[in-house]
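Reviewing the structure listed below.
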């Protein structure tokens, strides 16, 4: 439809407006192309917000070779338990700020420790070096680490790692 009336018919007012709008749109498009060719900036577009940046998740450090650890259940009673832990440095360099980490069953908690600083997050329990003894020299073993906690039945300790 060109907007011209057929012979013998009067022009419809709406068609004339749509013809002008079409020319106006064509002119605006040509102006955008001309601006882009001349290095001008096209008008800002509305776009969706960029996706949020990925967040990194910290993982426990990978244990160095030459580190050995044991975690042992010594005794249990209704509602609680006592355990011991040892860590050894079989490597050639001192282990600074050493730790022992293990997994416990659901519902078991680590409430206190001696000769180490206890931590727990869900089933993961950890004992860090005490503030006064942060380094473990090569060939040394610390075997006087103890801890107590709460448990409905005697707990098991699995996936023991150290570093």
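The values are calculated or read from the model by the stated rules, or taken from the named source; none is laboratory data. Since this is a predicted model, take the numbers as computed values, not measurements. A quick note on method: Cβ atoms are made from the backbone with ideal geometry, for glycine too, and the neighbour counts reach across all protein chains shown.
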- Query: Does residue 60 fit the bill of being modelled with pLDDT under 95, touching a strand residue (DSSP E or B) at 6+ places or on another chain (Cβ under 7 Å) and not assigned by TED's automatic domain parsing to the domain that holds residue 132?
  - Reply: yes
- Task: Report yes if some residue within the stretch 104-115 is surrounded by fewer than 18 Cβ atoms within 10 Å (Cβ to Cβ), within 14 Å of residue 161 (Cβ to Cβ) and in the same structural domain as residue 156 (by TED's automatic domain parsing); otherwise report no.
- Result: no
- Residue check, residue 73 against (1) surrounded by 18 or more Cβ atoms within 10 Å (Cβ to Cβ); (2) modelled with pLDDT of 95 or more, all met but one. Which one? (1)
- Query: Taking the stretch 102-123, which residues are under 24 Å from the mean Cα position of the chain (by Cα) and closer than 14 Å to residue 69 by Cβ?
  - Reply: 102, 103
